[in-house]
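Peer 1: The structure under discussion is supplied below as structure tokens; questions concerning it will follow.
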Amino acid sequence: MVECTLNLEALMQIPGAAPIAGGDEVHLCDDGGDKLIPMKFDGPQLEALKDKAAMSEIIYGHSKIDVEGVEIGDDGTAVFPGNKPITALPNQNPWAGRNLQEEEDHEGATEERKLQAGTGVKKFILFRVTANGEVHPDSAATMSDNMFGTNGDTINLKTQLNACSAGKYTVEPGGKDGYDFTGLESAPGVVDISIDISLDNPRSTVRDAIRLKAREVMRDHFGELSTYYENQYMDHALYSLKNCVQECGWAAYASAPGYYQVYQSNYYAYAGVQL
């Protein structure tokens, strides 16, 4: 049996831009490597998958599915066999049958990736990405202010999530307990990283490169033996790119599990996009 964790990536369309090729939702296979593999399902499979996700029979970012028999196309997409039902493997859907409060209280301490509760103090780090020498012109200090209000900005991710949650969701720049980012930060909550490829690459190539570099930087700084998920160190990892060159039409995109978000151009600073 070949298995992978099923993820969903949701893209925010830029109004008036050309439609995003492939749609604004992409299913991904997380096989524990350094890349997330795009997956393609036929119409009935996709509808069944959405129904299972709605009923918590499959939890994106947690449930593993059997992908034996998938075929990898020339574009790197894994095509799920048309005669194979999509079901979560045993013991991979711990929330099935629980009510909403139980889901929010679930800490998942024994799971491979700790799923988040819905309220409380959440730790965020924004990675300011330099790609082959190109970086957004805003300084780290400006990005910190635009995202977290660290220098007087009054409408940002922190203030708006706090307002939307009636004070129950608090954004704090920095790492989780035990992970002090002071030595890594260029400004509060902002860490500079560099990749050696240009932004003129497929979106998935850039995404995998920036996530891998961020994990390498954190692993080396904190002396970890290995790192695969960013939320080992913070609740949400944010990435800011100078711009988009290939497969554009999006302002931002995020994983359904919520542990990473990517922004392009000035959209990182727009409160509506941040949310």
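The values are calculated or read from the model by the stated rules, or taken from the named source; none is laboratory data. In this text the structure is predicted, and so the values were computed from the model without any measurement. Note that each Cβ is placed from the backbone with ideal geometry, even for glycine, and that neighbours are counted across all protein chains shown. With ligands, DNA and RNA removed, areas are computed over all heavy atoms of the protein, side chains included. Shrake-Rupley method; radii C 1.70, N 1.55, O 1.52, S 1.80 Å.
Peer 1: Only Cα pairs within less than 10 Å get springs; with that Gaussian network setup on the chain, which residue of Gly152, Gly249, Gly16 has the largest fluctuation?
Peer 2: Residue with maximal mean-square fluctuation among Gly152, Gly249, Gly16: Gly16.
Peer 1: Something else: Starting from the Cα-Cα distance between Glu224 and Thr159, subtract it from 0.36 nm times their residue separation and give me the gain in nm to one decimal.
Peer 2: 20.1 nm
Peer 1: Name the most mobile residue of Leu157, Leu46, Leu212, meaning the one with the largest mean-square fluctuation, in a Gaussian network model of the chain with Cα contacts below 10 Å.
Peer 2: For the chain, modelled as a Gaussian network with Cα springs under 10 Å, the answer is Leu46.
Peer 1: Give me the one-decimal nm value for the distance between modelled label points at Leu89 and Tyr270, 7 Å along each residue's Cα-to-Cβ direction.
Peer 2: Once both label points are built, they end up 4.0 nm from each other.
Peer 1: With viscosity set to 0.692 mPa s and temperature to 37 °C, compute the Stokes-Einstein D of the range 161-275, Rh being the Kirkwood radius across alpha carbon pairs; µm²/s, no decimals.
Peer 2: 215
Peer 1: Okay, next question. Which one of Ala214, Ala163, Ala256 has the biggest mean-square fluctuation once the chain is modelled by GNM with Cα springs under 10 Å?
Peer 2: Ala163
Peer 1: Could you work out [θ]222 nm for the chain from helices alone, using -39500 (n - 2.57) per DSSP H run of at least four and dividing by all its residues? Round to the nearest 500 deg cm²/dmol.
Peer 2: -6500 deg cm²/dmol, from helical runs alone.
Peer 1: Moving on. Nearest-5 percent of antiparallel DSSP beta bridges in the chain?
Peer 2: 55
Peer 1: Need the list of lysines near Lys40 for cross-linking: C-alpha distance under 17 angstrom, and skip anything on the same chain fewer than eight residues off.
Peer 2: Candidates past the 8-residue exclusion: Lys50, Lys52, Lys64, Lys84.
Peer 1: Once volume of the Cα convex hull per residue in Å³ is worked out from the coordinates, which option in (1) 320; (2) 112; (3) 143 does it equal?
Peer 2: Of the labelled values, this structure produces (3).
Peer 1: State the percentage of accessible surface on the chain attributable to carbon and sulfur atoms; use a 1.4 Å probe and exclude ligands, DNA and RNA.
Peer 2: Accessible surface attributable to carbon and sulfur in the chain totals 49 percent.
Peer 1: Provide the descending list of Cα extents for the range 212-275 along its principal axes, expressed in whole angstroms.
Peer 2: The Cα atoms of the range 212-275 stretch 38, 23, 19 Å along the principal axes, largest first.
Peer 1: So how do Asp220, Asp177 rank on accessible area, 1.4 Å probe, biggest first, that is with the largest at the start?
Peer 2: Asp177, Asp220
Peer 1: Quick one: if you take sqrt(5λ) for each eigenvalue of the C-alpha gyration tensor of the range 180-245, what semi-axes come out, biggest first, whole angstrom?
Peer 2: 21, 14, 10
Peer 1: Restricted to Cα positions, what overall size does the range 46-85 have along the principal axes? Three whole-Å values, descending.
Peer 2: Principal extents (Cα only, largest first): 33, 21, 16 Å.
Peer 1: Considering the options Phe41, Gly133, Thr182, tell which one lies farthest towards the positive end of the dipole of the chain, charges being +1 on Lys and Arg and -1 on Asp and Glu at the Cβ, about the Cα centre.
Peer 2: Towards the positive end, the residue furthest out is Thr182.
Peer 1: Can I ask one more? Please give me, ordered by residue number, the GluC sites (Glu not before Pro) of the range 221-254 that lie in loop per DSSP and have at most 14 other Cβ atoms within 10 Å.
Peer 2: Glu224
Peer 1: Can I ask one more? For the range 1-67, what does the accessible surface come to per residue with a 1.4 Å probe? Please give it in Å².
Peer 2: That works out to 49 Å² per residue.
Peer 1: If one puts a single equal scatterer on every Cα of the range 1-45 and applies the Debye formula without solvent, what log₁₀ I(q)/I(0) results at q = 0.16 Å⁻¹?
Peer 2: Per q value, in the given order, log10 I(q)/I(0) is -0.54.
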